[in-house]
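Have a look at the structure below, then the notes.
The values are calculated or read from the model by the stated rules, or taken from the named source; none is laboratory data. Fair warning: this is a prediction, and the values are worked out from it, not measured in the lab. Please note: Cβ atoms are built from the backbone with ideal geometry, for glycine as well, and neighbour counts cover all protein chains shown.
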Amino acid sequence: MRRGLISHSKIELPDAVLDARLARLRAALAEARLDALLLYTNNTRTAGVSWLTGFVPYWSEALLVVARERAPVLVVALTYRVKSWIERTSYVAEVIHTPRIGLEAARMIAGWKADAAVGVADLDGLSAGIADDLREGGPRLTLRDATALFARLRAKADPAEIALAVKAASIARDALSPAPARGAPLGDIIADAEARARGLGAEEIYIAAAPDLARDQRFRRIEGEAVRGASFALRATVAYKGTWIRLARTFIGDGAATPDEAAAGRFAAAVAALPSERGFAAFSSWLVEGCRIAQPLAPLMGSRVAEPDPPAPGALVSVQASIEVGGQVVLLGAPALVGERGEAASLLIQPF
């Protein structure tokens, strides 16, 4: 469940931007000979529906129905008491409340056209219960996997999405920027970072830590208190207006690590080579994450990713890597924009 404020800003996400995204989707549906598209969302799979409507659920689940010639309709498994909030924060024509979102969505589409061809983004990831309800509510509907269709549409970030990512990145950087107080427990440092991020408008922030880099370089959620070593790293995963990024920094003693120019250059050069992985050849570990459908940050490629799915030109990604500086391990991470037309990829913000 979300804990931060979720609101809609027509300045940061204008209706014209959402109209343009919907127009591109409808053109793709027409080309694919689909009458409608269904997109599922819940509090962990927000990215597809929020990209089209701005809707981000605090909890529960919903289906977005986008027909080729009708305004979007959101079918939610939420009570009527949140109806006005959904209508204020979502760019949809109608909000329908029902415990069986698949059944209601299918009945609605079948009412428009009994034998409609319906694309479902991430059809294989849809729960069996919702899939069964879709078939019950529209027995003559044809359900087709529209994962690749939708992934192509949102592969390249538009200016509004880039601006939201920059804002999220600035929140993450400010949250992790202050050097920890001398001797401060790790739990207090994390709590302070979370409080700063929420004060700056983050919808959500998750802090993971590598408490002692001399022993373990893996990030993990800290439950209770953890003893920090001479060097440790924090990674902030921040959501702002439906856009998610990650940013990681290393701290040595009671001060922030400042990589030398060579280390900073190696990280920036590796990022610049994306979507090629050649820049990371000498790194002990690295990871590139991005959004394809509904998960805001899914692994795309990296040292432990068995089947790489390189980001498209113009895609927003978050990159993290392990670098050695004078015998000291430094973990860095930041969001980046993949270049187009032969241009180098670039960091949206410096993590150090």
So Gly129, is it farther than 30 Å from Ala195 by Cα, crowded, with 18+ Cβ neighbours inside 10 Å and out of contact with any Pro (no Cβ under 9 Å at 6 or more places or on another chain) = no
Here the residues within region 117-135 that are in contact with a helix residue (DSSP H, G or I) (Cβ under 8 Å, 6 or more places away or on another chain) and more than 21 Å from Thr53 (Cβ to Cβ) are Asp124, Gly129, Ala131, Asp132, Asp133, Arg135
So, of the residues in region 1-43 that are at pLDDT 90 or above and more than 27 Å from Trp112 (Cβ to Cβ), which turns out to be surrounded by the most Cβ atoms within 10 Å (Cβ to Cβ)?
-> Leu13
So which residues in region 261-310 are closer than 20 Å to Thr250 by Cβ and of a type in the set (Ser, Thr, Tyr)?
-> Ser284, Ser285, Ser303
Have a look at Leu13, Leu29 and point out the one that is under 21 Å from Asp145 (Cβ atoms) and hydrophobic (A, V, I, L, M, F, W, C).
-> Leu29
Are any of the residues in region 66-73 assigned by TED's automatic domain parsing to the domain that holds Ala110 and closer than 21 Å to Gly290 by Cβ?
-> no
Identify the single condition in (1) surrounded by fewer than 17 Cβ atoms within 10 Å (Cβ to Cβ); (2) closer than 21 Å to Gly253 by Cβ that Pro180 does not satisfy, given that it satisfies every other one.
-> (1)
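Yes/no per residue for (1) on the phi < 0 side of the Ramachandran plot; (2) in a helix (DSSP H, G or I); (3) under 14 Å from the mean Cα position of the chain (by Cα):
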{"residue": "Ile171", "(1), (2), (3)": "yes, yes, no"}
{"residue": "Ala193", "(1), (2), (3)": "yes, yes, no"}
{"residue": "Arg196", "(1), (2), (3)": "yes, yes, no"}
{"residue": "Ala202", "(1), (2), (3)": "yes, no, yes"}
{"residue": "Tyr206", "(1), (2), (3)": "yes, no, yes"}
{"residue": "Gln217", "(1), (2), (3)": "yes, no, no"}
{"residue": "Glu225", "(1), (2), (3)": "yes, no, no"}
{"residue": "Arg249", "(1), (2), (3)": "yes, no, no"}
Among the candidates Glu223, Glu289, residue that is of a type in the set (Asp, Glu) and under 28 Å from Glu12 (Cα atoms) = Glu289
